[in-house]
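The values are calculated or read from the model by the stated rules, or taken from the named source; none is laboratory data. Since this is a predicted model, take the numbers as computed values, not measurements. Reconstructed Cβ throughout: ideal geometry from the backbone, glycine too, with neighbour counts over all protein chains shown.
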Amino acid sequence: MFKKILLITYILIFFNNNSFAEENKNILRVGLLAPFSGEYRDIGQSIMLSLQLALKEINDDNIIIYPRDSGFNDKQKFLSAVESLRQEKVKIVIGPTNFNNFNYLNNYRDMIFISPSNTNPKVQDNVLSIGVSLESQIKAIENFLIKNKKKKTIIMFPRNKFENLVESKIKNLKIKNYKIFKYNPDPKVLTNEIEKLTNYKQRKRNLISRVKILEKKDDEASKIELKRLEQKYTIGKVNFDSVIIIDFGDSLKSVLTSLVYSDVSQKDVLITTVNQWFDKSIFLENSIKELYYPSVNLKNFNNYKEKFSKTYGTQPSEITILTYDALGLIYYIWNKNKYKINSIKDFLIKDKVRGKIGVFSFLNGEFIQELEMYKASNKKFVKF
């Protein structure tokens with residue numbers, strides 16, 4: 001009940017502020033498409049609260065926000081919401097959050113949609129996705145690997161309905177010497193597959209063979225080496241020096257566990273991944289001591305969460321920092337163009353823009369974030 005009252009209260013606040021703005025002809029009307037009903041209604045409410053925070057910081061009464069319930073995977077509700085915004089003469093919209101709705105936007109080319117989705121960073125006719133894209137993450141990782149002089153990279157991702165999409169995203173890598181390794185996400189099958197990748201069984205046999213030789217010797221050097229080998233599972237290095245794991249959640253944790261089980265030395269191999277929002281559950285995976293990944297600016301992210309929590313008494317959904325930045329970006333372009341936005345091309349500026357997520361820019365028709373590399377180690381996230 002509290003959440004419903006809170007949601008209605010903020011809608012009233014948005015429109016009450018708007019009544020003053022109507023007196024000024026320089027009005028920025030911004031629609032919001034978010035799931036205010038159904039399974040993901042909490043995310044919708046969190047998004048709207050993020051815009052309220054952004055409005056407070058911008059402090060311009062000439063911004064009008066028009067929230068509309070787009071539902072989730074509900075075509076009729078979504079189209080009804082967009083039609084409602086069009087009737088209000090809203091030309092620019094934050095949303096949709098669900099990339100599946102992009103297919104319906106071809107019929108609304110008179111409107112501009114700024115989506116927090118990360119599916120496609122390429123600027124389309126009337127859609128700009130500002131989510132933390134796989135392209136931006138891979139770009140940050142490859143720069144990281146090049147700086148660390150890594151020359152033999154394994155790019156790993158599961159065999160599933162997204163594998164073709166992932167392959168299309170890694171076609172233009174700068175790193176030259178890499179191999180693609182697709183794995184079965186079933187942990188029982190995965191372990192055997194990674195054993196083959198790491199030549200685990202042969203390295204295990206190398207250890208057993210060496211131990212047998214040393215056990216027959218009685219000199220001090222052999223005893224010392226034998227004692228050292230008691231702490232090992234294999235002898236010999238793997239034939240790669242870096243790994244990019246394009247996965248998340250429990251599946252990612254299974255891959256990390258399998259790599260450690262296969263005795264992949266983290267001193268010799270840099271292990272990197274994607275799709276991380278400083279999720280502390282990764283620390284429950286004790287097998288990996290150092291995991292590297294690109295993400296938004298941690299300091300800004302923590303400051304945003306703290307401000308949100310103090311204001312509303314609840315933690316924000318991660319996606320809301322993107323919608324917060326979306327309103328700031330729209331306001332910046334609107335001001336830059338002397339209180340108007342004519343088309344999606346107005347967003348293709350040469351300037352780099354600094355938002356809460358960090359620095360972003362538009363390069364060759366793509367929205368690219370300049371992400372920072374972090375290390376998850378000793379139950380802390382450290383900027384690398």
Identify the single condition in (1) of a type in the set (A, V, I, L, M); (2) buried (at least 21 other Cβ atoms within 10 Å of the Cβ); (3) touching a strand residue (DSSP E or B) at 6+ places or on another chain (Cβ under 8 Å); (4) closer than 20 Å to MET373 by Cβ that ILE321 does not satisfy, given that it satisfies every other one.
-> (3)
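Looking at ILE194, is it within 30 Å of PHE301 (Cα to Cα), buried (at least 19 other Cβ atoms within 10 Å of the Cβ) and of a type in the set (Val, Ile, Thr)?
Working: within 30 Å of PHE301 (Cα to Cα): no; buried (at least 19 other Cβ atoms within 10 Å of the Cβ): yes; of a type in the set (Val, Ile, Thr): yes.
Criteria not met by ILE194.
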Only unsatisfied item for GLN87, checking (1) surrounded by fewer than 20 Cβ atoms within 10 Å (Cβ to Cβ); (2) farther than 30 Å from GLY31 by Cβ; (3) not charged (D, E, K, R), is (2)
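With of a type outside the set (D, E, K, R), on the phi > 0 side of the Ramachandran plot and modelled with pLDDT of 90 or more as the only criterion, which of GLY249, GLY236 stands out?
On the way: GLY249 fails: modelled with pLDDT of 90 or more.
The match here is GLY236.
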Which residues, taken from the range 356-367, are within 18 Å of ASP346 (Cβ to Cβ) and of a type outside the set (S, T, N, Q)?
-> PHE360, PHE362, LEU363, GLY365, GLU366, PHE367
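When the range 197-209 is examined, which residues are found to be part of a helix (DSSP H, G or I) and buried (at least 16 other Cβ atoms within 10 Å of the Cβ)?
Residues of the range 197-209 part of a helix (DSSP H, G or I): 197, 200-209.
Passing the criteria: LEU197, TYR200, ARG203, LYS204, LEU207.
Filter the range 261-284 down to residues that are part of a helix (DSSP H, G or I) and surrounded by fewer than 19 Cβ atoms within 10 Å (Cβ to Cβ), then give me how many there are.
Narrowing the range 261-284 to residues part of a helix (DSSP H, G or I): 261, 280-284.
Narrowing further to those that are surrounded by fewer than 19 Cβ atoms within 10 Å (Cβ to Cβ): 261, 280-281, 283-284.
Adding up the residues that qualify gives 5.
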Evaluation of ILE341 against (1) surrounded by fewer than 16 Cβ atoms within 10 Å (Cβ to Cβ); (2) modelled with pLDDT of 90 or more; (3) assigned to a loop (DSSP other than H, G, I, E, B) (one fails), failing number = (1)
Flagged pairs (Cβ under 9 angstrom, 6 or more apart or on separate chains; first in the range 219-242, more than 24 Å from MET156 (Cβ to Cβ); second assigned to a loop (DSSP other than H, G, I, E, B) and not charged (D, E, K, R)) are LEU229/ILE235
Which members of the range 12-58 meet the condition of being in a helix (DSSP H, G or I), modelled with pLDDT under 65 and in contact with a Phe, Trp or Tyr (Cβ under 9 Å, 6 or more places away or on another chain)?
-> PHE14, PHE15, ASN18
Where in the range 83-173 are the strands (runs of 3 or more DSSP E), entirely inside, with at least 1 residues that are in contact (Cβ under 8 Å) with a residue 40 or more places away in the chain, in contact with a Phe, Trp or Tyr (Cβ under 6 Å, 6 or more places away or on another chain) and more than 22 Å from LEU252 (Cα to Cα)?
-> 92-94, 127-129
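Test ILE146 against the criterion of being out of contact with any Asp or Glu (no Cβ under 8 Å at 6 or more places or on another chain) and more than 23 Å from SER50 (Cα to Cα), and give yes or no.
Values: out of contact with any Asp or Glu (no Cβ under 8 Å at 6 or more places or on another chain): yes; more than 23 Å from SER50 (Cα to Cα): yes.
For ILE146, the condition - out of contact with any Asp or Glu (no Cβ under 8 Å at 6 or more places or on another chain) and more than 23 Å from SER50 (Cα to Cα) - is met.
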Filtering the range 174-190 down to residues that are at pLDDT below 90, among the charged types (D, E, K, R) and assigned to a loop (DSSP other than H, G, I, E, B) yields LYS174, LYS176
